[in-house]
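This report refers to the structure that appears directly beneath it.
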Amino acid sequence: MTRIILFTGKGGVGKTTIASATALKCSQLGYKTLIISSDPAHSLSDSFNTQLSYKPTKIDENLYGMEVNIEKEIERHWEVIKNYLSIFFKSQGINDVVAEELAIFPGFDELATLLHILEFYENNNFDVLILDCAPTGETLRLLSVPEVARWYMNRFFGIEKKLLKIVRPIAEPIIDLPLPSDEVLDKVQELYFKIAKVKEILESENTTIRIVMNAEKMVIKESERAFTYLSLFGYTTDAIIVNKLFPRGAGKYLERWIDLQKRYLEEIKSFGLPIFKVKFRESEVYGQLLYDVADELYDKVDPSDRFVKERAMNIYKDGDNFILSIKAPSIKKEELKLFKRGEELIISTQYWRRILFLPQSLLIRDVVRAKLEDGWLKIYFN
């Protein structure tokens, strides 16, 4: 079964370098490894000093890399829908160029990455699949795509599809508005089913996320929020990688920075996750220097291991109550809102909102209380 590891973090912390070094180490241990860049500002080719394409390209023994190409992905997954949307926008008086641009919805690169995860996971072509994700905000949007798609499909799509079959023959001759064909609707439905499968894969024990950060105040705060939101969405973070640490003896000029980093490393321990450290290099890290980073980063550890065993979300019974337990570090009680609406449980924080579709065992029960305890949000159903 393919092991999947996603790397995210604030822009500029060295995600691509760390993801590349991890992929390199996995391949050295004999795992057939593929690293994919989902960041629109691709730098994976630069990191390996090898030109990569939109297909898996061999970099070294057991090591392959690819960079998602949006134009190619549109041809594969979106062309039918894009053509309809383009015709629709043109019918509303929008000029051809703008209509073509509007027909590609924002975030399609994230969707294309999800579809690649599904393809390689189902084909089982690789032992380890590593994603060099875009900066934190884009990664959170990537991982929320399955939730948003499910909410829309559950609420509207079935009704729309049935209504259109009835209305289309009557409406099309009398309204100046092109309605989507069955082919378009079927393609949308096909994409949804694929995204739903990806959601299952991302929440499985085969997948974990690693947050790359520098020992700096703003980076730590953003990483804290990312860790919380990833947990709320049911994704397991199994390690923190602290990159660009200045070594002792680096010179008087950097003494202040070294003291600050030492203090921030103590703060990072509050994440309660395994911490891996990488020192600041004298020169840019790419090509052969990745071997040094890989050895320093993991030493005698297998990077494909899952460093945290517990899942980010659990359901268990306690007496007469069922408890939905979600890892929720750094959340404050006053910024948390929670309510149940039909089959949905809405969890809202200061910056993020999740609509959780409840399993049947909880659907028929009422929420009686909730509490934050030792970094976990525990929701009680009776």
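The values are calculated or read from the model by the stated rules, or taken from the named source; none is laboratory data. Predicted model only: the values in this text are computed from it and were never measured. Positions of Cβ are generated from backbone atoms using ideal geometry, with glycine treated the same way; all protein chains shown enter the neighbour counts. Areas reflect the complete protein model, heavy atoms only, side chains present, ligands, DNA and RNA absent. Shrake-Rupley method; radii C 1.70, N 1.55, O 1.52, S 1.80 Å.
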Go through (1) of a type outside the set (Phe, Trp, Tyr); (2) buried (at least 20 other Cβ atoms within 10 Å of the Cβ); (3) under 30 Å from residue 358 (Cα atoms) for residue 241 and report which single condition fails. (3)
Of the conditions (1) under 30 Å from residue 27 (Cα atoms); (2) open to solvent by 50 Å² or more (accessible area, probe 1.4 Å), residue 306 clears all except one; give me its number. (2)
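Quick test for you: out of 322, 339, pick the one residue that is over 24 Å from the mean Cα position of the chain (by Cα), over 26 Å from residue 226 (Cα atoms) and of a type in the set (Phe, Trp, Tyr).
On the way: 339 fails: over 26 Å from residue 226 (Cα atoms).
Exactly one of 322, 339 is over 24 Å from the mean Cα position of the chain (by Cα), over 26 Å from residue 226 (Cα atoms) and of a type in the set (Phe, Trp, Tyr), namely 322.
Is it the case that some residue within the stretch 91-113 is open to solvent by less than 20 Å² (accessible area, probe 1.4 Å), within 22 Å of residue 1 (Cα to Cα), at pLDDT 70 or above and touching a Pro at 6+ places or on another chain (Cβ under 9 Å)?
Restricting attention to the stretch 91-113, the residues satisfying the condition of being open to solvent by less than 20 Å² (accessible area, probe 1.4 Å) are 99, 103, 108, 111-113.
Now drop any that are not within 22 Å of residue 1 (Cα to Cα), which leaves 112-113.
Going one step further and asking which of them are at pLDDT 70 or above, we end up with 112-113.
From what is left, the residues that are touching a Pro at 6+ places or on another chain (Cβ under 9 Å) are none.
No: zero hits.
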Number of the condition not met by residue 350 [criteria: (1) open to solvent by less than 70 Å² (accessible area, probe 1.4 Å); (2) touching a helix residue (DSSP H, G or I) at 6+ places or on another chain (Cβ under 7 Å)]: (1)
Pull out all pairs, ordered by first then second residue, where Cβ-Cβ is under 9 Å, the residues are six or more apart or on different chains, the first lies in the stretch 277-295 and is at positive phi, and the second is open to solvent by 60 Å² or more (accessible area, probe 1.4 Å) and outside any helix (DSSP H, G or I). 287/49
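Any residue in the stretch 255-267 that is open to solvent by less than 20 Å² (accessible area, probe 1.4 Å), over 17 Å from residue 330 (Cα atoms) and in a helix (DSSP H, G or I)? Lay out the reasoning, then the answer.
Initial filter on the stretch 255-267 (open to solvent by less than 20 Å² (accessible area, probe 1.4 Å)): 258, 261.
Adding the requirement that they be over 17 Å from residue 330 (Cα atoms) leaves 258, 261.
Subset that is in a helix (DSSP H, G or I): 258, 261.
Scanning the stretch 255-267, I find at least one residue that is open to solvent by less than 20 Å² (accessible area, probe 1.4 Å), over 17 Å from residue 330 (Cα atoms) and in a helix (DSSP H, G or I), so the answer is yes.
Might you check whether a residue that is surrounded by fewer than 20 Cβ atoms within 10 Å (Cβ to Cβ) and part of a helix (DSSP H, G or I) occurs anywhere in the stretch 272-281?
Restricting attention to the stretch 272-281, the residues satisfying the condition of being surrounded by fewer than 20 Cβ atoms within 10 Å (Cβ to Cβ) are 272-275, 277, 279-281.
Among the residues that remain, those that are also part of a helix (DSSP H, G or I) are: none.
No, because not a single residue in the stretch 272-281 is surrounded by fewer than 20 Cβ atoms within 10 Å (Cβ to Cβ) and part of a helix (DSSP H, G or I).
Looking only at the stretch 357-382, how many residues end up being in contact (Cβ under 8 Å) with a residue 40 or more places away in the chain and under 26 Å from the mean Cα position of the chain (by Cα)?
As a first pass, look at the stretch 357-382 and keep what is in contact (Cβ under 8 Å) with a residue 40 or more places away in the chain: 357, 359, 361-362, 365, 368, 372, 375-382.
Still in the list and also under 26 Å from the mean Cα position of the chain (by Cα): 357, 359, 372, 375-379.
Number satisfying all stated conditions: 8.
Give the stretch 1-20 a look and list any residue that's assigned to a loop (DSSP other than H, G, I, E, B) and open to solvent by less than 10 Å² (accessible area, probe 1.4 Å), or say none. Walk me through it before giving the result.
Step one: list which residues in the stretch 1-20 are assigned to a loop (DSSP other than H, G, I, E, B), which gives 1-2, 9-14.
Listed by number, the residues that qualify are 2, 9, 13.
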